[in-house]
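Asks: Mind having a look at this structure? Questions to follow.
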Amino acid sequence: MKLIHPWIITTYLANLSLSCEISNFRELIDFESIKVETNKILNDHELLSHPGNHDGGWNGISLIAYGGDPNNTAVKDQKPTETFLLEKCPSIKKLLYSLPGKKHRVRFLEVKPGKKVFWHFDNGETIDNFDYSKNARFHMPIYTNKNVLFKISHEKLEWEEGKIYYGDFSFPHTIHNKSNENRVHLIIDLQINDELISNFPKKFLDSRKKRLFFKKFCQRSLNLFKKLN
């Protein structure tokens, strides 16, 4: 019998909404130009393996990185700084500086065909703590398809190419690229402020305290699952 993880059951029974499109950002996106710039980065530069939580097919490269090194896709105790790659992506740079909030990491992350990103959570990447020193994480799918399984707890994310979405990745999440095509997202971390929050759907914002109530259990149940396996 297939195991149903406790964090999946919890968020399903609580009817939690864990992601949303930020539709106000649509008019800022020149997706055709962004796609051309993405292809140039992917063709000209090697994406390096992302630290941990995968089976070898999760790779990235940064446009803004801590310390300014494009090969650093992780968090280090350094200032987020533009890498030289951002100058090769003028449409992406224009988009970034049209978005409210201080820019932290901005990366391309790929999941190769057949590869998995295992269940994990990123505790600080959420708007729900009302902590304006933290970041909100946004995704723009560049290449994806219906055979990519992307979930935050119970919620299956069927995000469309060329749109910007927020996901609460402080909940357990996973990716399995079941297709034979590369899956590539542009991932943008923005420091939370009032203007940024004002772009979220009201219904999603109204559920912040509800998500907080269930979050610790979901995180602890995943940690326990990892210890037992």
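The values are calculated or read from the model by the stated rules, or taken from the named source; none is laboratory data. On a predicted model such as this, the values are computed, not experimentally measured, just so you know. Using ideal geometry, Cβ is built from the backbone for each residue, glycine included, and neighbour counts are taken over all protein chains shown. With ligands, DNA and RNA removed, areas are computed over all heavy atoms of the protein, side chains included. Shrake-Rupley method; radii C 1.70, N 1.55, O 1.52, S 1.80 Å.
Asks: For residue 113, what is the net charge nearby, where nearby means another residue's Cβ is under 15 Å from its Cβ and Lys, Arg count +1, Asp, Glu -1? Write out the running numbers ahead of the final one.
Replies: Details: positive: 112, 115, 116, 146, 178, 183; negative: 55, 110, 181.
Result for the neighbourhood of residue 113: +3.
Asks: Another question, if that's okay. How many nm is it between the label spots at residue 229 and residue 149, if each spot is 7 Å from the Cα in line with the beta carbon?
Replies: Going by the 7 Å Cα→Cβ label model, 1.1 nm.
Asks: Moving on to the next point. At 25 °C and 0.890 mPa s, what whole-number value in µm²/s does Stokes-Einstein give for the translational diffusion of segment 1-111, with Rh from the Kirkwood sum over Cα pairs?
Replies: On the way: Rh = 16.3 Å.
Approximately 151 µm²/s, per Stokes-Einstein.
Asks: Tell me the Kirkwood radius of segment 110-170: reciprocal of the mean inverse pair distance over distinct alpha-carbon atoms, in Å. Before the final figure, lay out each step's value.
Replies: Values: mean 1/r = 0.0768 Å⁻¹.
Its Kirkwood hydrodynamic radius stands at 13.0 Å.
Asks: Measure out, as a whole number of angstrom, how far apart the alpha-carbon centroids of segment 140-198 and segment 75-92 sit.
Replies: The distance from the Cα centre of segment 140-198 to that of segment 75-92 comes to 20 Å.
Asks: So, counting K/R as plus one and D/E as minus one, what does the shell of residues with Cβ under 14 Å around residue 192 add up to? Provide the component values of the computation, followed by the final result.
Replies: Working: positive: 102, 103, 134, 137, 208; negative: 125, 128, 131, 168, 189, 194, 195.
Local charge sum for residue 192: -2.
Asks: Same structure, new question: Please give the per residue volume of the convex hull enclosing the alpha carbon atoms of segment 29-72, rounded to a whole number of Å³.
Replies: Values: hull volume 4.5 nm³, N = 44.
Dividing the Cα hull volume of segment 29-72 by its residue count gives 103 Å³.
Asks: Which whole number in µm²/s is D for segment 78-118 by Stokes-Einstein, with the Kirkwood Rh taken over Cα pairs at 37 °C and 0.692 mPa s?
Replies: Numbers: Rh = 12.5 Å.
So the translational diffusion coefficient is about 263 µm²/s.
Asks: For the chain, what number results from the quotient of the Cα radius of gyration and 2.2 N^0.38 Å? Spell out each step's value before the answer.
Replies: Numbers: Rg = 17.0 Å, N = 229, 2.2 N^0.38 = 17.3 Å.
Normalised by 2.2 N^0.38 Å, the Cα Rg of the chain equals 0.98.
Asks: Can you compute the FRET efficiency between residue 49 and residue 75 using 1/(1 + (r/R0)^6), with r the Cβ-Cβ distance and R0 = 22 Å? Round to the nearest 0.05.
Replies: On the way: r = 16 Å, r/R0 = 0.73.
For R0 = 22 Å, the calculated efficiency reads 0.85.
Asks: A further question follows. Sort 159-166, 94-101, 38-45 for me by packing, meaning the mean count of neighbouring Cβ atoms within 10 Å per residue, highest on top. Walk me through the numbers on the way to the answer.
Replies: On the way: 159-166: 17.4, 94-101: 15.9, 38-45: 14.1.
My ranking of the peptides, most packed first, is 159-166, 94-101, 38-45.
Asks: With every protein chain present, what is the per residue accessible area of segment 1-158 (1.4 Å probe, Å²)? If you can, show how the numbers build up before the last one.
Replies: On the way: 7750 Å² over 158 residues.
In whole numbers, segment 1-158 has 49 Å² accessible per residue.
Asks: For residue 32 and residue 158, compute 0.36 nm times the residue count separating them, minus their Cα-Cα distance, and round to one decimal in nm.
Replies: Details: separation 126, 0.36 × 126 = 45.36 nm, distance 2.04 nm.
Working it through step by step, the gained length comes to 43.3 nm.
Asks: Taking the Cα centre of segment 1-40 as the origin, how large is its charge dipole in debye, to the nearest 20, when only Lys and Arg (+1) and Asp and Glu (-1) carry charge on their Cβ atoms?
Replies: Details: 4 positive and 5 negative charges, 60 e Å.
Dipole about the Cα centre, nearest 20: 280 debye.
Asks: Here's something else I'd like to know. Carbon and sulfur atoms: what percent of the 1.4 Å accessible area of the chain do they account for? Could you put the intermediate results ahead of the total?
Replies: Working: 5720 of 11270 Å².
Whole-percent figure for carbon plus sulfur exposure: 51.
Asks: For the residue pair residue 40 and residue 180, what label-to-label distance in nm results when each label sits 7 Å from Cα along the Cα-to-beta-carbon direction?
Replies: So the two model labels end up 3.1 nm from each other.
Asks: Mean Kyte-Doolittle hydropathy of 1.0 or higher plus an axial Cα length of 20 Å or more: which whole DSSP H helices in the chain meet both? Before the final figure, lay out the partial values.
Replies: Working: long enough: 208-228 (30 Å, -0.75).
Helix filter hits for the chain: none.
Asks: Remind me, what semi-axes does segment 96-229 give for its equivalent ellipsoid, largest first in whole Å, using sqrt of 5 times each Cα gyration tensor eigenvalue?
Replies: Numbers: eigenvalues 111, 87, 32 Å².
Working from the Cα gyration tensor, I get semi-axes of 24, 21, 13 Å.
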